[in-house]
Amino acid sequence: MSNPRNSDTKPPCLPRNGLVKIPTQPNGLGSASITKGTPAVKNRLCQPSSVPAILSPALAHHSDLPIPSLASPLSLATLAGVSSPPGASLVGLNTSEGLDQPSPERLPGSPSERQLAVDEKILNRLFWYFSACEKCVLAQVCKAWRRVLYQPKFWVGLTPVLHTKELYNILPGGEKEFVSLQGFAIRGFDGFCLVGVSDLDICEFIDNYPLSKKGVKSMSLKRSTITDAGLEVMLEQMQGVVRLELSGCNDFTEAGLWSSLNARITALSVSDCINVADDAIAAISQLLPNLTELNLQAYHVTDTALAYFTAKQGYTTHTLRLNSCWEITNHGVVNMVHSLPNLSILSLSGCSKVTDDGVELVAENLRKLRSLDLSWCPRITDMALEYIACDLHKLEELVLDRCVRITDTGLSYLSTMSSLRSLYLRWCCQVQDFGLKHLLSMGSLRLLSLAGCPLLTTTGLSGLVQLQDLEELELTNCPGATPELFKYFSQHLPCCMVIE
């Protein structure tokens, strides 16, 4: 068990895009990370825990209690709940061993205090107050704590992220040995993200993770060299996978999708894979009749591909994200709205050829939309916002980041939307104070982002205190956001998280 670090040590993790990085330890141990499942928890992941005062002062502050510092770096071994001996290149994830873990009899304080510190009813409630990184450390305190913390309920919504080097132990003779993943299995992880892996690494993972054949529901491969053969083996062996993500994988081809995609897959994400084009969408449409969610980022997909979806998918598919699909035009939007009429979530972020006419098609035909992302669509103007306000009465989230032609007039149209809860206007360079006045009547608004809007002044922003139900306000890189303004918000919007 490592000694607690000084109080000035930097925190072990910084939240970024839902990822919590566990830094490399000084002794050369590998690193690991975990992803959170919900944005609300993600924002608070590394915030100080609000832990109730259940433990007595004698236990909470006793210097002999070997509780590791929550600011200590965490290795992959730590994530599995075992201590790392000095000099080890990578410790296997053996959950039956622990170094220097005190028994309840060795804890300081009176017998009643010691009993309180290991009371499972108390611990089961107490540990909910800690972040994922803190739970990894607390699992090392003693076997009683680890036994409680290793219950799957404490790890729901977390996805372990494992890099290639973290999957192997280097033996004294230089040979590589695949690590034990038993610690992950005990906690019931049903999703993994593997980074930089090959076909062989995936086969080793399948052979060594006890839940791989039936218990893994979600697999994500990033920046990996998986080929068509590896993809086929993985989906054939891992019969439980229903969610698949392929990001930055440039060695598989469209033929690999045709040979490996299985009808049980309901959610598919493909991004930054150079061999993905229209024929890949044809494979998806033909082989995935139960598809509910498709996230696609492909530079070579054209309007034709959006006409491939079948009537079955038109009924089941509710989420479509087309990010930076540069070749998609209004003609593709026509194909999409007729093929997938039941969409509730749509992103056309970075589809720079889509114009107001395309948005009009969306608004007239996809009346069930609850979330619409038009960020980085430079041809969108105020007219598109009028179409949205007139027809999308169920819309709860609208993203207009970098829509540089949006003006105060467009905001006046949005002010009539009684269902809108989240509005993103990051770097909308023509929005001014007058436009903000239109938003003050939107009582349903809970989240507002004005980051990077250069024309907003302190006077205009101060009027936002009228939105008393606002829960989050983002003013990053906003010139009008002054220290005095933030103090003013803290006094008049006490329940709102203001992001500076």
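The values are calculated or read from the model by the stated rules, or taken from the named source; none is laboratory data. Here the structure is a predicted model, which means the values were calculated and not measured. When we count neighbours, we look across all protein chains shown, and the Cβ atoms used for this are built from the backbone with ideal geometry, even at glycine. Side chains are part of the model used for accessible areas, which takes the heavy atoms of the whole protein and leaves out ligands, DNA and RNA. Shrake-Rupley method; radii C 1.70, N 1.55, O 1.52, S 1.80 Å.
Points worth noting:
- Applying a threshold of 9 Å to beta carbon distances and a minimum spacing of six or more residues, or different chains, the list of pairs starting in the stretch 371-392 at a residue that is outside the structural domain of SER347 (by the TED database) and ending at one that is surrounded by fewer than 23 Cβ atoms within 10 Å (Cβ to Cβ) is empty.
- For the stretch 111-137, a residue qualifies if it is within 30 Å of VAL197 (Cβ to Cβ) and open to solvent by less than 10 Å² (accessible area, probe 1.4 Å), and the qualifying residues are ALA132, CYS133, CYS136, VAL137.
- For the stretch 259-307, the tally of residues that are farther than 21 Å from VAL242 by Cα and crowded, with 21+ Cβ neighbours inside 10 Å stands at 4.
- Within the stretch 131-198, helices (runs of 4 or more DSSP H) holding 1 or more residues that are at pLDDT below 95 and aromatic (Phe, Trp, Tyr): 143-149, 182-186
- Given (1) surrounded by fewer than 17 Cβ atoms within 10 Å (Cβ to Cβ); (2) under 22 Å from GLY215 (Cβ atoms); (3) of a type in the set (Lys, Arg), number of the condition ARG146 does not satisfy: (1)
- Filtered residues of the stretch 299-339 (kept if touching a Phe, Trp or Tyr at 6+ places or on another chain (Cβ under 6 Å) and not in a helix (DSSP H, G or I)): TYR299, TRP326
- Some residue of the stretch 429-437 being in the same structural domain as VAL337 (by the TED database), buried (at least 17 other Cβ atoms within 10 Å of the Cβ), β-branched (Val, Ile, Thr) and in contact with an Asp or Glu (Cβ under 9 Å, 6 or more places away or on another chain): yes
- Of the candidates LEU425, LEU395, LEU343, the single residue that is touching an Asp or Glu at 6+ places or on another chain (Cβ under 9 Å) and crowded, with 21+ Cβ neighbours inside 10 Å is LEU425.
- The stretch 112-130 - residue that is among the aromatic types (Phe, Trp, Tyr) and part of a helix (DSSP H, G or I) and, of those, farthest from GLY188 (Cα to Cα): TYR129
- Residue in the stretch 452-472 that is within 30 Å of the chain's Cα centre (by Cα), surrounded by 20 or more Cβ atoms within 10 Å (Cβ to Cβ) and within 16 Å of ASP401 (Cβ to Cβ) present: yes
- Selected residue (criterion: farthest from ILE186 (Cα to Cα)) from residues of the stretch 199-241 that are hydroxyl-bearing (Ser, Thr, Tyr) and not in a loop (DSSP other than H, G, I, E, B): SER220
- Residue in the stretch 242-261 that is basic (Lys, Arg) and in a loop (DSSP other than H, G, I, E, B) present: no
- For the condition over 21 Å from GLY256 (Cα atoms) and either in contact with a Lys or Arg (Cβ under 7 Å, 6 or more places away or on another chain) or free of Cβ contacts under 8 Å to residues at least 40 places away in the same chain (or both), ILE170 qualifies.
- Residue within the stretch 187-206 that is touching a residue at least 60 places away in the same chain (Cβ under 8 Å), in contact with a Gly (Cβ under 7 Å, 6 or more places away or on another chain) and either open to solvent by less than 10 Å² (accessible area, probe 1.4 Å) or under 21 Å from ALA267 (Cα atoms) (or both) present: no
- The residues of the stretch 207-223 that are open to solvent by 10 Å² or more (accessible area, probe 1.4 Å), under 20 Å from ASN169 (Cβ atoms) and not charged (D, E, K, R), listed by number, are ASN208, PRO210.
- Test: residue in the stretch 266-287 that is in a strand (DSSP E or B), in contact with a Lys or Arg (Cβ under 7 Å, 6 or more places away or on another chain) and among the hydroxyl-bearing types (Ser, Thr, Tyr): no
- Number of residues in the stretch 340-350 that are touching a His at 6+ places or on another chain (Cβ under 7 Å) and assigned to a strand (DSSP E or B): the value is 1.
- In the stretch 438-451, of all residues being among the polar types (S, T, N, Q) and surrounded by fewer than 20 Cβ atoms within 10 Å (Cβ to Cβ), the one that is nearest to VAL399 (Cα to Cα) corresponds to SER444.
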